[in-house]
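The values are calculated or read from the model by the stated rules, or taken from the named source; none is laboratory data. Predicted model, so just to flag it, every value in this text is computed and none were measured. Counting neighbours? That spans all protein chains shown, and the Cβs are built from the backbone with ideal geometry, glycine included.
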C-alpha cells in the first residue's frame with residue numbers, strides 16, 4: 001500500500017514538473033529595443049514580440065550577433081519603403097545581386113499588423129506561404145494598406161524616423177539603390193525604459 005501511494009505521489013510530481021517545464025516562456029526580455037546605428041544616425045526599434053514572436057526573436061538574435069553590421073540599405077522608394085538586411089550588399093562592388101540574399105531560413109508568416117508610417121516589415125519573395133526572408137526588412141515611409149495581409153509587420157520605429165526619412169531623400173540608381181551607401185554600423189539591444197514617454 002505504501003509503494004502504491006509513493007508511486008502516485010511521484011507520478012503527480014512528474015506531471016506537475018512536466019507542465020511547468022513546458023509552460024516556460026521565451027527568456028528573452030520583452031523590455032528591450034533594437035538600437036541600429038547607421039552612418040546617417042541612430043534608429044531605435046520596438047519589436048512586436050507578443051504578436052510576431054518568431055520575427056521579433058529572429059531580429060533580436062541577428063541584431064545582438066552583429067549580423068546586420070556592414071550591410072547597407074539597398075532599396076529606397078520615397079513615399080513607400082527603405083529596405084535593408086541583405087548580406088549581399090557588403091561587397092558593394094556588385095550591386096546586381098543586392099536584394100537577392102538573406103541570413104538564415106525563411107520565417108513563417110505572422111501577418112496581422114497594419115503597415116503604418118514608421119513600422120518595420122519583413123521582406124519576402126513571391127512564395128505562396130508568404131514566408132519572410134530571414135534577414136531583409138523595410139521601414140514604411142507612409143501608410144501602405146496595399147501590403148496588409150501580404151507581409152509581416154513586426155515592429156515600429158520609436159526614435160530616429162528622421163534618419164529613415166533622410167535615407168529616403170538620397171539619389172538612387174534605376175533599381176532604387178541609393179548612390180550614396182547608408183551602412184548599418186552597429187546593432188545592439190538596449191533597455192526600452194530610456195525611450196518610453
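Please work out if residue 60 is touching a residue at least 12 places away in the same chain (Cβ under 8 Å) and in a loop (DSSP other than H, G, I, E, B).
Details: touching a residue at least 12 places away in the same chain (Cβ under 8 Å): yes; in a loop (DSSP other than H, G, I, E, B): no.
No.
Looking only at the range 154-197, how many residues end up being over 16 Å from residue 117 (Cα atoms), in contact (Cβ under 8 Å) with a residue 60 or more places away in the chain and assigned to a helix (DSSP H, G or I)?
3
When the range 63-73 is examined, which residues are found to be touching a residue at least 24 places away in the same chain (Cβ under 8 Å) and farther than 17 Å from residue 132 by Cβ? Don't jump to the end; show me each part of the working.
First pass over the range 63-73, keeping only residues touching a residue at least 24 places away in the same chain (Cβ under 8 Å): 63-64, 66-73.
64, 66, 69, 70, 72, 73, listed by residue number.
Go through the range 41-54 and count every residue that is surrounded by fewer than 18 Cβ atoms within 10 Å (Cβ to Cβ) and outside any helix (DSSP H, G or I). Step through it out loud before you land on a result.
Taking the range 41-54 first, the residues surrounded by fewer than 18 Cβ atoms within 10 Å (Cβ to Cβ) are 41-42, 50-51, 53-54.
Those left that are additionally outside any helix (DSSP H, G or I): 41-42, 50-51.
Adding up the residues that qualify gives 4.
Could you list, in sequence order, all residues of the range 126-139 that are surrounded by 13 or more Cβ atoms within 10 Å (Cβ to Cβ) and out of contact with any helix residue (DSSP H, G or I) (no Cβ under 8 Å at 6 or more places or on another chain)? Reasoning before the result, please.
Keep residues of the range 126-139 that are surrounded by 13 or more Cβ atoms within 10 Å (Cβ to Cβ), which gives 130-139.
Result: 130, 131, 133, 136, 138.
Any idea how many residues of the range 99-119 are surrounded by 18 or more Cβ atoms within 10 Å (Cβ to Cβ), in contact with a helix residue (DSSP H, G or I) (Cβ under 8 Å, 6 or more places away or on another chain) and under 14 Å from residue 54 (Cα atoms)?
Here the count works out to 2.
Of the residues 116, 147, 141, only one is more than 21 Å from residue 43 (Cα to Cα) and at pLDDT 95 or above; which?
Details: 116 fails: more than 21 Å from residue 43 (Cα to Cα); 141 fails: more than 21 Å from residue 43 (Cα to Cα).
Selected residue: 147, the only one of 116, 147, 141 that is more than 21 Å from residue 43 (Cα to Cα) and at pLDDT 95 or above.
So in the range 166-180, with the set limited to residues that are modelled with pLDDT of 95 or more and surrounded by 17 or more Cβ atoms within 10 Å (Cβ to Cβ), which one is farthest from the chain's Cα centre (by Cα)?
Once the filter is applied, the top-ranked residue is 170.
Can you say whether residue 150 is out of contact with any helix residue (DSSP H, G or I) (no Cβ under 8 Å at 6 or more places or on another chain), under 19 Å from residue 100 (Cβ atoms) and either in contact (Cβ under 8 Å) with a residue 24 or more places away in the chain or surrounded by fewer than 16 Cβ atoms within 10 Å (Cβ to Cβ) (or both), as far as the supplied structure shows? Walk me through how you get there before you give the answer.
On the way: out of contact with any helix residue (DSSP H, G or I) (no Cβ under 8 Å at 6 or more places or on another chain): yes; under 19 Å from residue 100 (Cβ atoms): no; either in contact (Cβ under 8 Å) with a residue 24 or more places away in the chain or surrounded by fewer than 16 Cβ atoms within 10 Å (Cβ to Cβ) (or both): yes.
For residue 150, the condition - out of contact with any helix residue (DSSP H, G or I) (no Cβ under 8 Å at 6 or more places or on another chain), under 19 Å from residue 100 (Cβ atoms) and either in contact (Cβ under 8 Å) with a residue 24 or more places away in the chain or surrounded by fewer than 16 Cβ atoms within 10 Å (Cβ to Cβ) (or both) - is not met.
Say whether the condition of being modelled with pLDDT of 95 or more, closer than 16 Å to residue 180 by Cα and touching a helix residue (DSSP H, G or I) at 6+ places or on another chain (Cβ under 6 Å) is met by at least one residue in the range 81-98.
Yes, the range 81-98 has at least one match.
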